[in-house]
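Asks: The structure under discussion is supplied below as structure tokens; questions concerning it will follow.
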Amino acid sequence: MTDVRQRAIDRGWIRRGESVLSERLAYPSRIETADLHDANRATRDRVVADMLSGRATLVAVESCLGVDEELLVAEVDRYGIPLRTVLSRRSGLMRSDPYYDPAYVAEFYRDHYRSLYRPKRFSLSWFVAEQIRHGQRILEKLPTPLRPGARVLDVGCGMGGMLAAFAFKGCEVVGFDYGADYVAKGRRLGLDVRVGGFETVADERPFDLIMMSHVLEHAANPIEFARSAASLLADDGLCYVEVPGILNIRNGYDGDVLTYLQNAHQWHFTAGTLLAVLARAGLHVERGDESIWSFSRRGAEDTNARAADGARVYNELMDLERALAQRRSTAAAA
């Protein structure tokens with residue numbers, strides 16, 4: 001057993017005697033994905049050092065959809081960071097367990113998140129342009145057009161670029177994010193973006209559209225987080241939620257489970273598990289797919305909402321591992 005593996009066990013990030021889905025998903029990883037490069041390697045090393053030294057402490061994470069038989073999927077993420085990812089065999093919901101304590105989560109997002117997740121081609125102009133394009137795609141997906149003057153909120157807005165498409169349509173737009181540097185740059189673009197969370201808009205009029213694009217998977221408690229959004233919706237308002245999809249790995253991540261896994265994501269959804277989480281928060285899905293994106297409206301909270309995607313997720317993960325092994329074998333023989 002390597003020294004770093006023993007230290008990860010001693011600190012509680014992984015457990016002795018468990019078996020991962022395939023050997024390449026064990027910690028420490030012998031594989032470097034394209035997501036780890038010279039620009040973010042030092043940040044990865046800093047996070048790992050914090051975890052193995054005890055500077056970052058952990059908390060246990062229970063499934064938000066109830067107690068279930070569990071399967072260990074992986075002990076590592078795409079950057080080589082120790083990350084125990086488990087699958088609930090009945091519901092199909094995956095999560096990181098354990099995860100960082102709240103104090104380290106705040107430090108991670110303040111000091112490390114942006115530099116760790118920065119792609120090689122990153123620039124501020126590229127980032128805001130990507131946000132603007134994505135906002136346009138969401139606008140085009142709307143089941144019904146927004147009226148002029150409709151209020152639109154972007155949760156976790158970054159620089160607020162997604163709001164631009166709605167501002168051009170005459171909507172009243174607001175966003176918030178914990179990244180003060182990004183918010184400052186968004187304000188320079190003339191957008192109403194604020195530093196903080198739901199408290200920044202708690203006393204305002206309800207919103208006709210709330211967007212949460214790649215946000216819910218980061219939440220410590222996704223049901224409570226979605227409930228906060230639901231409380232801000234107008235009676236006939238829409239909530240747009242987009243998260244990475246377990247059943248979309250073969251389409252969006254080169255069919256590689258390791259490339260999909262990343263330490264900032266506490267939760268991993270299917271369309272069915274997302275539907276159940278939102279229903280428990282009082283948001284009822286009307287449209288969506290396994291990409292995963294969905295539109296939902298506010299209604300009564302269904303505290304017993306369930307999902308039954310476990311077998312489907314397990315079979316998909318196993319198929320992906322077999323297919324990847326076959327591709328590598330074929331490439332090696334060529």
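The values are calculated or read from the model by the stated rules, or taken from the named source; none is laboratory data. Predicted model, so just to flag it, every value in this text is computed and none were measured. Cβ coordinates were reconstructed from backbone atoms using ideal geometry, including for glycine residues, and neighbour counts include every protein chain displayed.
Asks: Among the residues that make up the stretch 302-323, is at least one of them in a loop (DSSP other than H, G, I, E, B) and touching a His at 6+ places or on another chain (Cβ under 9 Å)?
Replies: Narrowing the stretch 302-323 to residues in a loop (DSSP other than H, G, I, E, B): 302-309.
After this cut, where a residue has to be touching a His at 6+ places or on another chain (Cβ under 9 Å) as well, the list is 302.
Yes: the stretch 302-323 contains one or more residues that are in a loop (DSSP other than H, G, I, E, B) and touching a His at 6+ places or on another chain (Cβ under 9 Å).
Asks: Next question, about the same structure. Just the residues that are basic (K, R) and loosely packed, with under 15 Cβ neighbours inside 10 Å, please, taken from the stretch 188-206.
Replies: Step one: filter the stretch 188-206 for residues basic (K, R), giving 188, 194, 205.
Correct list: R188, R205.
Asks: Grab the helices (runs of 4 or more DSSP H) fully contained in the stretch 210-263, keeping just those with 2 or more residues being more than 21 Å from P143 (Cβ to Cβ) and either assigned by TED's automatic domain parsing to the domain that holds L36 or modelled with pLDDT under 95 (or both).
Replies: Working: elements: 222-230, 249-252, 257-260.
Hits in the stretch 210-263: 249-252.
Asks: Search the stretch 37-47 for residues being among the aliphatic types (A, V, I, L, M) and surrounded by fewer than 19 Cβ atoms within 10 Å (Cβ to Cβ), and hand back the single one that is nearest to P119 (Cα to Cα).
Replies: Let us first name the residues in the stretch 37-47 that are among the aliphatic types (A, V, I, L, M), namely 39, 42, 47.
In the following step, the residues that additionally are surrounded by fewer than 19 Cβ atoms within 10 Å (Cβ to Cβ) were identified as 39, 42.
Working: A39: 8, A42: 14 Å.
The qualifying residue nearest to P119 (Cα to Cα) is A39.
Asks: Same structure again: Any residue in the stretch 230-255 that's at positive phi: show its pairings with residues that are part of a helix (DSSP H, G or I) at Cβ separation under 9 Å, as long as the two are six or more apart or on different chains.
Replies: Going by the 9 Å Cβ cut-off, the qualifying pairs are D254/L324; G255/I249; G255/L320; G255/A323; G255/L324; G255/R327.
Asks: Do any residues in the stretch 49-63 that are at positive phi have Cβ atoms under 7 Å from those of residues that are surrounded by 15 or more Cβ atoms within 10 Å (Cβ to Cβ), where the two are at least six apart or on different chains, and which pairs are they?
Replies: That search, which allows pairs on different chains as well, returns G54/R11.
Asks: Within the stretch 93-111, identify whether any single residue is out of contact with any Ser or Thr (no Cβ under 9 Å at 6 or more places or on another chain), of a type in the set (S, T, N, Q) and either crowded, with 18+ Cβ neighbours inside 10 Å or outside the structural domain of W13 (by TED's automatic domain parsing) (or both), and answer yes or no.
Replies: Looking for residues that are out of contact with any Ser or Thr (no Cβ under 9 Å at 6 or more places or on another chain), of a type in the set (S, T, N, Q) and either crowded, with 18+ Cβ neighbours inside 10 Å or outside the structural domain of W13 (by TED's automatic domain parsing) (or both), one finds none in the stretch 93-111, hence no.
Asks: So K141 clears everything in (1) of a type in the set (D, E, K, R); (2) outside the structural domain of R15 (by TED's automatic domain parsing); (3) crowded, with 22+ Cβ neighbours inside 10 Å except one condition, right? Which one?
Replies: Unmet for K141, out of (1) of a type in the set (D, E, K, R); (2) outside the structural domain of R15 (by TED's automatic domain parsing); (3) crowded, with 22+ Cβ neighbours inside 10 Å: (3).
Asks: On to the next question. Could you tell me which of the residues S19, S53 is over 21 Å from H112 (Cα atoms) and either assigned by TED's automatic domain parsing to the domain that holds P98 or aromatic (F, W, Y) (or both)? Break it down into steps so the answer makes sense when it comes.
Replies: Values: S53 fails: over 21 Å from H112 (Cα atoms).
Selected residue: S19, the only one of S19, S53 that is over 21 Å from H112 (Cα atoms) and either assigned by TED's automatic domain parsing to the domain that holds P98 or aromatic (F, W, Y) (or both).
Asks: Ok, one more. If you check A323 against the conditions, is it without any contact (Cβ under 8 Å) to a residue 60 or more places away in the chain, farther than 23 Å from R95 by Cβ and among the aliphatic types (A, V, I, L, M)? I'd like the intermediate steps shown before the answer.
Replies: On the way: without any contact (Cβ under 8 Å) to a residue 60 or more places away in the chain: no; farther than 23 Å from R95 by Cβ: yes; among the aliphatic types (A, V, I, L, M): yes.
Answer is no for this residue.
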